[in-house]
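Written below as structure tokens is the structure these notes are about.
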Amino acid sequence: MDLTVQSKENIEYMIEKIKDKLQVVNGGAIRAESFDTEEYEELKDIYEMIIKKQSFSVSEIDAIITEIGKLRKR
């Protein structure tokens, strides 16, 4: 997967990996179609940070979900 390319497919891939890594219970709350490619770099930064980390505290997960929520289309 070439994440240097800004595409809807890559957004979908990153969102799914983020949900898996954070063990998001309500996956419907974070949907790939809720994101534009305009926010791609920010989403990619969050994705890369999440993939590198082994575990997360509850407060870290809350903060990450909040940041992802800010990137969603209005």
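Structure above, values below:
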| quantity | calculated |
| --- | --- |
| Selection count, the stretch 7-54, where residues are of a type in the set (Phe, Trp, Tyr) and in contact with a Lys or Arg (Cβ under 8 Å, 6 or more places away or on another chain) | 2 |
| Of residues in the stretch 22-74 being closer than 20 Å to Asn10 by Cα and among the aromatic types (Phe, Trp, Tyr), the one modelled with the lowest pLDDT | Phe35 |
| When residues of the stretch 1-57 are limited to those that are polar (S, T, N, Q) and part of a helix (DSSP H, G or I), the one surrounded by the most Cβ atoms within 10 Å (Cβ to Cβ) | Asn10 |
| Residue among Ile30, Ile51 that alone is of a type in the set (A, V, I, L, M), within 12 Å of the chain's Cα centre (by Cα) and over 19 Å from Asp2 (Cβ atoms) | Ile30 |
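The values are calculated or read from the model by the stated rules, or taken from the named source; none is laboratory data. Bear in mind that the values here come from a model prediction, so they are computed numbers and not experimental data. So basically every Cβ, Gly included, is an ideal-geometry build from the backbone, and we count neighbours across all protein chains shown.
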